[in-house]
Amino acid sequence: MYKTERIYDLELLARQNLHIHTTYSPCAKPEMIAREIVNTAVRDHIRIIALTDHYNSKDFRILDTNLALKEQAEACGADIQVLYAAELSAYGVGKFLDAPEINEALDYRLYAYNHYHLDYWEHPEDKSPRGYVRHALEVLESLFATNRADCIAHPFIGRFIRCFDDKTLVTREIIDNELGDILEKGKRAQVAWELNVPAIFADPEFSKRYWRIGQEVGVTFNMGTDAHQLAAVGTSQHLDRLKRLLQ
C-alpha cells in the first residue's frame, strides 16, 4: 500500500510517474524493460515510479513478474524509488478482478473502473452518456467500500466507450456537484486520484474542472503518464502544457 501527500504543485507532482507499463503488459513496446524505464526516469529527475502492468486475467502471475522487474531494476543501482504494482480492475458494481494475496503483496494498487472496451467489462443497461455516468459512479462507490484501491486510474474518461464517437460526451454529462461528491467519497476512503497526462490533454475542459474541484475538496492527486513506450516515461516534457491548461 502506498499513500502520497496532498500536493497541488505541478513541479513537485512531476517528480513522480505512478503509471508505467512494462513488456509484461501486451500493449507495451518491447523497449519497456525495467532497466530502460529506470534509466529514463532518472534522466528526467523523477524520484519515484510505479510499474503498473495490467492484471486482466487470473492466469497472469503478476507477483512473479514484479519479482523479475525488481531484480532488473535493482541491478541498475539507481537512486530512485520503484513501486512494484499493478493496474487492477473494478469491472462492474461490486465486481473486482484481483485476489487478496495479490493486493496485499503489491506496493501500489491502481484501479481502472472504465475499461469498457474489454470483453468482460460490465456495461449499464442505459447506454446513454447519463447511463454511463451513473454506472461509473456506482462502480467507484462499490470500490471505495472495500479498502482495495490506492489510486484511481484515468478517472472519468470516455475513451474506452466505443458506442460514442465523441469521447467527451460522458465527462460533459458529469455536473460539478456529482464530481465533487465522488471526489469527496474517494478522499474519505483514502484513495488518490490520478492526473493522467494523456487523459488531461484529450479532454482539457473537463480536466480543468477535475483539477479545480479536486483541490477544493482536498483530494490527493498522483501523476501518471500511462507510459507504454520509453518516450512517455518522462514527465517534465509535459509541465509547461499542463501548467497552461490547468492553472
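The values are calculated or read from the model by the stated rules, or taken from the named source; none is laboratory data. Please read these numbers as outputs of a predicted model, since none were measured by experiment. Because the Cβ atoms are built from the backbone with ideal geometry, glycine has one as well, and the counts that use them run over all protein chains shown. Note: accessible area is taken over every heavy atom of the protein model, side chains too, but ligands, DNA and RNA are not part of it. Shrake-Rupley method; radii C 1.70, N 1.55, O 1.52, S 1.80 Å.
Details
- Filtered by the rule that a residue be among the hydroxyl-bearing types (Ser, Thr, Tyr), in contact with a Ser or Thr (Cβ under 9 Å, 6 or more places away or on another chain) and without any contact (Cβ under 8 Å) to a residue 60 or more places away in the chain, region 9-56 gives 22, 24, 55.
- Of all residue pairs spaced 6 or more apart or on separate chains, those with beta-carbon atoms under 6 Å, a first member in region 166-183 that is touching a residue at least 40 places away in the same chain (Cβ under 8 Å) and a second member that is part of a helix (DSSP H, G or I) and surrounded by fewer than 17 Cβ atoms within 10 Å (Cβ to Cβ) are 173/130.
- Output for region 91-104, where each listed residue is touching a strand residue (DSSP E or B) at 6+ places or on another chain (Cβ under 8 Å) and either part of a strand (DSSP E or B) or of a type in the set (Gly, Ala, Ser) (or both): 91, 96, 97
- Those residues of region 91-107 which are buried (at least 23 other Cβ atoms within 10 Å of the Cβ) and touching an Asp or Glu at 6+ places or on another chain (Cβ under 6 Å), in sequence order: none
- Scope region 212-237; condition more than 25 Å from residue 24 (Cα to Cα), open to solvent by 10 Å² or more (accessible area, probe 1.4 Å) and in contact with a strand residue (DSSP E or B) (Cβ under 9 Å, 6 or more places away or on another chain); matching residues: 215, 220
- Checklist (1) surrounded by fewer than 19 Cβ atoms within 10 Å (Cβ to Cβ); (2) touching a helix residue (DSSP H, G or I) at 6+ places or on another chain (Cβ under 7 Å) applied to residue 158, failing item: (1)
Listed here are the residues, each with its yes/no results for (1) at pLDDT below 95; (2) part of a loop (DSSP other than H, G, I, E, B); (3) open to solvent by 10 Å² or more (accessible area, probe 1.4 Å); (4) hydroxyl-bearing (Ser, Thr, Tyr).
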position	(1), (2), (3), (4)
110	no, no, no, no
130	no, no, yes, no
136	no, no, yes, no
142	no, no, yes, yes
147	yes, yes, yes, no
154	no, yes, no, no
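Okay, residues lined up against (1) within 22 Å of residue 3 (Cβ to Cβ); (2) among the hydrophobic types (A, V, I, L, M, F, W, C):
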{"residue": "134", "(1), (2)": "no, no"}
{"residue": "140", "(1), (2)": "yes, yes"}
{"residue": "154", "(1), (2)": "yes, no"}
{"residue": "173", "(1), (2)": "no, no"}
{"residue": "177", "(1), (2)": "no, no"}
{"residue": "201", "(1), (2)": "no, yes"}
{"residue": "212", "(1), (2)": "no, no"}
{"residue": "221", "(1), (2)": "yes, yes"}
{"residue": "240", "(1), (2)": "no, no"}
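- Residues of region 107-142 that turn out to be aliphatic (A, V, I, L, M), in contact with a Leu (Cβ under 8 Å, 6 or more places away or on another chain) and touching a residue at least 60 places away in the same chain (Cβ under 8 Å), as a count: 1
- For region 168-186, the criterion of being closer than 26 Å to residue 57 by Cβ and outside any helix (DSSP H, G or I) is met by no residue.
- Filter result for the condition that a residue is farther than 30 Å from residue 99 by Cβ and touching a helix residue (DSSP H, G or I) at 6+ places or on another chain (Cβ under 8 Å), over 8, 24: 8
- In the set (1) farther than 26 Å from residue 23 by Cβ; (2) of a type outside the set (A, V, I, L, M, F, W, C); (3) in contact (Cβ under 8 Å) with a residue 40 or more places away in the chain; (4) assigned to a loop (DSSP other than H, G, I, E, B), residue 159 fails one condition alone, (1).
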